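Have a look at the structure below, then the notes.
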Amino acid sequence: MLRSGAMFVLFAGVVLGVLVPEEVLALEGVEDNTDIACGEHEGCHKMQHIVQHIVAEKERQLQEKDDQLQEQSRTLAFVKRLHSSVPPGANRALVEAATRTEVCMSEQPWDTTCDQKRSSELEGPAGREKFGEDSSAGGGDSVSYGSDAGAAARCSNVRANTATTGDLECVPDQCNCYTPDGFKTSCTECEEYWGGVVECPDGDIGWEGVYITGRAQYCAAWDSGAAKIGLQVCTADTKTCTKLAAQHLHKMSKSAGILVMKRMKCDDEVGCSVFKAGKCFDVGQDVFATHLNDWNPNLTDEAQQWASLVVAQLKAGTATVCGNTTTDHDIATAGILGY
């Protein structure tokens, strides 16, 4: 009976057209085909080289597979830890997909505020800054941020009954603002859009827009060009940044989209605190030419048109939030978590 090594040599010899000497095929007691004594047979030496190469490649593939299994094991361990921290009602599958480095803890992340922490275990030494959590959505790093970790990035003026008052003093300029007609430096034009005093409180999504923390402190409307392009503005030291967007997410209905904002405030000693809010709306009529974003050349213009309808409906109290059982809701949840 032939040893496995000899059989392997025979098979390779037939496939590659190399003549295998009879004494090689008759060898007994050989534990490793690399130890076969070929003598003066040139074909045998060639076969040894081929077999050694094949064996080395197989070993490399096995090691690669082993590395993949270890990575899957580490990922599974992370997901298990994540599951244990996600509150009831949150879509676990979407949270896992969207939060490899940011864990959102909000019970309703698609329509309220969102808690975030950056995992130093995943990010490594370069990413060990701590991200604050907004306790209004259930969380808080009591060691670094006290009982309300997101307060540093949240405005002191918030929409009633939607968020806890933050520590950030937000006093919007009454004569600088971002309206649907562009950035305005006119008190009259700003007051005209906001109907008097210009204000845009944090908390749940309202028609007034988002408080921007840059060199100038002002309100940006949801149906402005700022939201259309997903504008981000930072202070001169880049330690406080705010961004906003009015977006149609890929494969959402032609009548649906999201309004979403995020603010980060960093401190050299404590770390970075994050406040985020977003919501999915369905305006009840097709605005987007297609549900496929990559097929829509007018996507941003249509997003601004859609946002104008949402703002009007929010003012009138008739805005419709995407239903919890809809595909739009699921897509929006993932999009807001990942924003």
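Every read-out reported here was derived from the displayed coordinates using simple, explicitly stated rules and does not represent laboratory data. Because the structure is predicted, anything quoted here is derived from the model rather than measured. Here the Cβ is made from the backbone with ideal geometry for all residues, glycine too, and neighbour counts use every protein chain on show.
Whole-Hz Karplus values for region 182-194 come out as x, 7, 10, 10, 10, 4, 4, 5, 5, 5, 5, 5, 8 Hz, taken residue by residue from phi with 6.51 cos²θ - 1.76 cosθ + 1.60 and θ = phi - 60°; glycine and proline positions read x.
For region 212-285, the percent of C-alpha pairs falling in each 10 Å distance bin, counted from 0 to the bin holding the largest distance, reads 19, 44, 25, 11, 2. Pairs exceeding 20 Å between alpha-carbon atoms, taken from Lys262/Lys315; Lys184/Lys243; Lys254/Lys279; Lys184/Lys279: Lys262/Lys315; Lys184/Lys279.
The fewest-to-most ranking of Lys265, Lys46, Lys251 by surrounding Cβ atoms within 10 Å reads Lys251, Lys46, Lys265. At full extension, Thr318 and Asp268 could sit 13.6 nm farther apart than now, given 0.36 nm per residue minus the alpha carbon distance. Taking other C-beta atoms within 10 Å as the exposure proxy, Val210, Val233 rank Val233, Val210 from fewest upward. Between Lys184 and Cys177, Tyr178, Thr179, the built amide H atoms are under 5 Å apart, and every one of these is 5 or more places off in sequence or on another chain.
Diffusion of region 252-323 by Stokes-Einstein, at 20 °C in a medium of 1.002 mPa s and with Rh set to the Kirkwood radius over alpha-carbon pairs, works out to 155 µm²/s.
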